Every structure is written in structure tokens, then in C-alpha cells.
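Let me begin by presenting the structure, written as C-alpha cells, before commenting on it.
The values are calculated or read from the model by the stated rules, or taken from the named source; none is laboratory data. The structure presented is a predicted model; accordingly, all values stated were derived computationally and were not measured. All Cβ positions, even for glycine, are placed from backbone atoms using ideal geometry, and neighbour counts span all protein chains on display. The protein model used for the area step is the full one, side chains on, heavy atoms only, and it has no ligands, DNA or RNA in it. Shrake-Rupley method; radii C 1.70, N 1.55, O 1.52, S 1.80 Å.
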Amino acid sequence: MADTGSAASTAAAAAAHNYKQLKEDFVSNLSGGSVAEIAQVCAVAPVVALLWSALQARQSFFKPYTALAFVVDFLLNVGALLLSVTLYSNTPLLLNILLLTAAAFVYVIPPDVASPRKKPKLPPHAQSKTSSPGPPGALSTKPFLTNYRGNMMVVTCICILAVDFRLFPRRFAKVETWGTSLMDMGVGSFVFSAGVVASRPVLKERADGKAVPLTTRLMRSLRHSLPLLALGLVRLLSVKGLDYAEHVSEYGVHWNFFFTLGFLPPFVALFQSALKVVPSYAGLAILLGVVYQVLLESTDLKAYILTGPRTDLLSMNREGIFSFWGYLAIFLAGQDTGMVVLPRSLNPRGWVTGGGTTTTTTTNSKRTTLLLTLAGWSLVWTALYLLCTDYAYGAGLTVSRRLANLPYILWVVASNSALVLAFCLVDTLFFPAFYKAPDAKAEKEAYDTATSRVLRAYNRNGLAIFLVANLLTGLVNMTVRTLDVGRITTMGILGGYMAAVTALAVGLDMYDITVKL
């Protein structure tokens, strides 16, 4: 009997080991897909925003926010994105066309006159003018920024679990070394998005006209870094302790994405001092990316990262340590975008301007300036990416998320800049009242009208939700043999998982809880 039990235990251990190896092989040696297809999948998010905005602006569908409104909100902003990476993964263009058709249908339906959209109330003496949008240096959370960041978090939460199922295309999973994929874009987008909101304290400093000492900036940055580094350590111990399947060439033996996020704040604080020499964060990002790429091409660094032996702590984690510089460049580029989109009152370079009265024409001009500025930078980043990767007229370099090289940096920044522009365009077309709000209260009302409750919730506690999604992903993988389930079961698991994550996010938001990590 003892021998039988021992044999069964050995067989079970061997089966578990074999399945772990299958899981690792499932996400290894992948080459990704085309940039065009990834763009089509990413386009689903702003197209959904277009449909959602048409429902809200024309029919006031989400006001009041009923149970039905929540269900439709979830199906649009979570369900459509889930479909784009699963059942419609081979036809993302068709999904976009269907969503656009629905948006056009909603738009041509006569508006709901029973629930007119509120317009900002103006004082009698200012019918042709609106009061100042805020004091000099005032910042605002614009609807399109919430929609962009919320969608990015939703897609990230979907993909980190969906990648473990066969229904999720292998070309969407992270590539081994060279190429582009949706998840490669997702990692960079997470960092870019973090950079956008990180420009808020910098703008406040400039508005106050106070130069914060480097030591103070470093101490502040550590308050943001320590929780992330602690999460990275917890993830490391969990993965090793539970013998969880892992892809070593992604970041290294011990490194993980939380460590990358955790080390960003202090290095950004250090690099901020370089703005005395380099005029903008965008210039700093380009300079850092170019220097890093030159080192990759002119030294043995690239060969060391890709093929070097793992003999010490540095070599065992070389992918995570050296790719950090590419992610830092992406973060800085995100900060440059934040300098443009966060100020309530701005000029073409995103500098905060003074108060005073503002005519409607000036308000429209600022909205146009914002769109043109975002469009201009999208074109600049796209042109740089093409110049870097084109074999006929450019450098002919290949994207590598593993290296986080210059082509990867430019691809991520160009794509995210275009997405921010797309969300901004939808926002401007359907909800101009936000930009005409005479005071902070009216702006808040216009903001609530113009943003999805689901996306606001994801945006509010993004990092905490991301952490919970990681824990649920681990739980699913430890209890379900994800490689063996069919399409219907896969969609059921992913749908239930996203429903749980969304319920948590919206629940925290309903009770006005903000989890700061």
C-alpha cells in the first residue's frame, strides 16, 4: 500500500511538473503580430467611447445611473474589450465597424428631450463670457484622460488572465525577443499612463514658482516606491514558494514588473534635474532612448542581455535591469503628455497660464489648441518610430520589449499619444460643456456626465485593482487547468473574473474609498 501511495504521489508530482512546463512553453518563443492588427484592437477602446458618448449625450442613458445603465456600461467598456482579444481576435476591424454602426444609429435617433443635458449656469453679467476656469496653476482631470486610463487598466486586467487560455491568440502574448504584440504594448502603456499623472506635482511646483530641492524630491519619490517594491518582493516570494509557472527571459530570475514600477519614481526625480539642460520631458525621453540604443548597438550590451550566462545577481536579472532604462524613457514621454493635458488653462506647450476672464471664442481656441498639440506630438512620435524602423529610409531597427529598445519606446509612445488624441476628440465632440464650465463645481458635474462610472472606478484605484487582478489570476491558474478548457468555459471564466474585478472597483468608488499604494 505504501508503495502504491508513493507511486501515485510521484506520478502526480510528475504530472504537475509536466503541466508547469507546458504552461511555460505556452508563453515562450513567441514572435507576436503586426503593428496594424494591434492598432485595430487598440482602436476598439475609443470606438466604444464613441458609442458610450452617443448614448449619454443624445439619450442621457447613464443618468441616472440605474442597474440597467451599469450592465450596459459593463458590457460596453469591459465586454467589448474582452471580445476584441478573444472571439473577435481574428476580426477586430469587424468589431470596430459593428460598434461604429451602433454609434451612428444611436446618434441619428432623436435626442431625449425629457432629460436635457445641463449647461453651465452663467451669471447675468457674463452671458458672452465665462469666468476663469480656476486660479493660475489649476489642474483638472479631463474626461478623455479618465477614459484613456480606465480602458488601459481594463485591457491590462483582461490580458493578464486571458493569456493563459488557448482562446487568447499567441500573437497577442509577449514576444520572446523581437517583434510586437498587444501585451507588449500593454506593459509600455501602463508605464506611459503612470507618467501622464506623475506630471501633476511638477505642474503644481511650476505654478507656485518654487524650486523643490533634489533631496526633497527623492524623499517624496521613496514614499511612492516602497509600496511597489514591497509588492514586487511579495510577488517574487509567492512565485518561488508556490512553484508558479514563470517566463525567466521576460524580466529575469528575480525581477518583475512591480520592481520596474518601484524604481521609476526616484530615477525620475534625478532626471528632473536634467531639465535645466534639456528643454522638455519629451527631449529627455528621446535623449535617453537614443543613448541606450547606441550602447546596445556599439557595445556587447545587447548580446549580454540576450545570451549572457546567468552567473550572478546582475546577470540573472539583466532583462529587468537594463530594460528599465527604456521604461524610464516611456515614463518621461508620458510626463510630457501630462504637461499638455492636465492644466485647466494652457498654451501650446502645456505651461500653466494666468487667470482672468475668458471668452467663449478663447475657450474654443484652447480646445482646438489642445487637439492640435496632441495631434502634432502623435505625428512626431509616429515619424520618429518610422524613421527608426524603416529599412529603406531609416535605421531598420526591430522592436524588442525584452530590451525596451528605442523602437519599442517610440512605438509605445506613438500609439498611446494617438489613443489619447482619439479619446480627446470624442470628448470634445460630445461633451463641450466640460470645457465651458464657469467654475470647479460645474466642471465636476460636466465631468461626471462625460465619463463612464466603470472607467472612473478603474482609474481611481488602478494600482490596487491591478494587484487584485494579479491575485485572482494566480488563484484561477492554481485551480483550473487553463490549457485544457474550451471556448465557452474560457469565456465564462474570463467574464466572471472581470465581473468580480469590476464589482470591486465600482464598489470602492461608490463608497468613496481610494486605496493609495
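Annotations
- In summary, Tyr447 fulfils each of the numbered conditions (1) surrounded by fewer than 23 Cβ atoms within 10 Å (Cβ to Cβ); (2) among the aromatic types (Phe, Trp, Tyr); (3) over 30 Å from Ala505 (Cα atoms) with the single exception of condition (3).
- Enumeration of residues in the stretch 164-217 that are of a type outside the set (D, E, K, R), over 20 Å from Gly252 (Cα atoms), modelled with pLDDT of 95 or more and in a loop (DSSP other than H, G, I, E, B): Phe165, Leu167, Phe168, Pro169
- Residue match in the stretch 395-403 (condition: modelled with pLDDT under 95 and either surrounded by 14 or more Cβ atoms within 10 Å (Cβ to Cβ) or out of contact with any His (no Cβ under 7 Å at 6 or more places or on another chain) (or both)): yes
- Taking first residues from the stretch 482-499 that are touching a residue at least 40 places away in the same chain (Cβ under 8 Å) and closer than 17 Å to Cys157 by Cβ and partners that are open to solvent by less than 10 Å² (accessible area, probe 1.4 Å) and part of a helix (DSSP H, G or I), the Cβ contacts under 6 Å between residues at least 6 apart in sequence or on separate chains come to Leu494/Ala162; Tyr497/Leu161; Met498/Val78.
Residue by residue, here is whether (1) touching a helix residue (DSSP H, G or I) at 6+ places or on another chain (Cβ under 9 Å); (2) buried (at least 19 other Cβ atoms within 10 Å of the Cβ); (3) of a type outside the set (Gly, Ala, Ser); (4) within 20 Å of Asn459 (Cβ to Cβ) holds:
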residue: Phe190; (1), (2), (3), (4): yes, yes, yes, yes
residue: Pro201; (1), (2), (3), (4): yes, no, yes, yes
residue: Thr215; (1), (2), (3), (4): no, no, yes, no
residue: His224; (1), (2), (3), (4): yes, yes, yes, yes
residue: Leu233; (1), (2), (3), (4): yes, no, yes, no
residue: Lys240; (1), (2), (3), (4): no, no, yes, no
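- Members of the stretch 298-325 that are outside any helix (DSSP H, G or I) and open to solvent by 40 Å² or more (accessible area, probe 1.4 Å): Thr299, Asp300, Pro309, Arg310, Thr311, Asp312
- Per the conditions (1) in a helix (DSSP H, G or I); (2) buried (at least 20 other Cβ atoms within 10 Å of the Cβ), the sole criterion not satisfied by Trp255 is (1).
- Here Ala54 meets each of (1) farther than 17 Å from Thr146 by Cβ; (2) outside any helix (DSSP H, G or I) with one exception, condition (2).
- Pairs linking a residue in the stretch 93-110 that is in contact (Cβ under 8 Å) with a residue 24 or more places away in the chain to a residue that is among the charged types (D, E, K, R) and open to solvent by 90 Å² or more (accessible area, probe 1.4 Å), with Cβ atoms under 7 Å and 6 or more positions apart or on different chains, do not occur.
- All positions within the stretch 273-326 that are closer than 22 Å to Ser199 by Cβ and without any contact (Cβ under 8 Å) to a residue 60 or more places away in the chain: Ser273, Ala274, Leu275, Lys276, Val277, Val278, Pro279, Gly283, Leu284, Leu287, Leu288
- Scanning the stretch 460-512 for residues that are of a type in the set (Ser, Thr, Tyr) and buried (at least 16 other Cβ atoms within 10 Å of the Cβ) gives Thr473, Thr482, Thr490, Tyr497, Thr502.
- Val515 being in contact with a Leu (Cβ under 9 Å, 6 or more places away or on another chain) and either surrounded by 18 or more Cβ atoms within 10 Å (Cβ to Cβ) or not in a helix (DSSP H, G or I) (or both): yes
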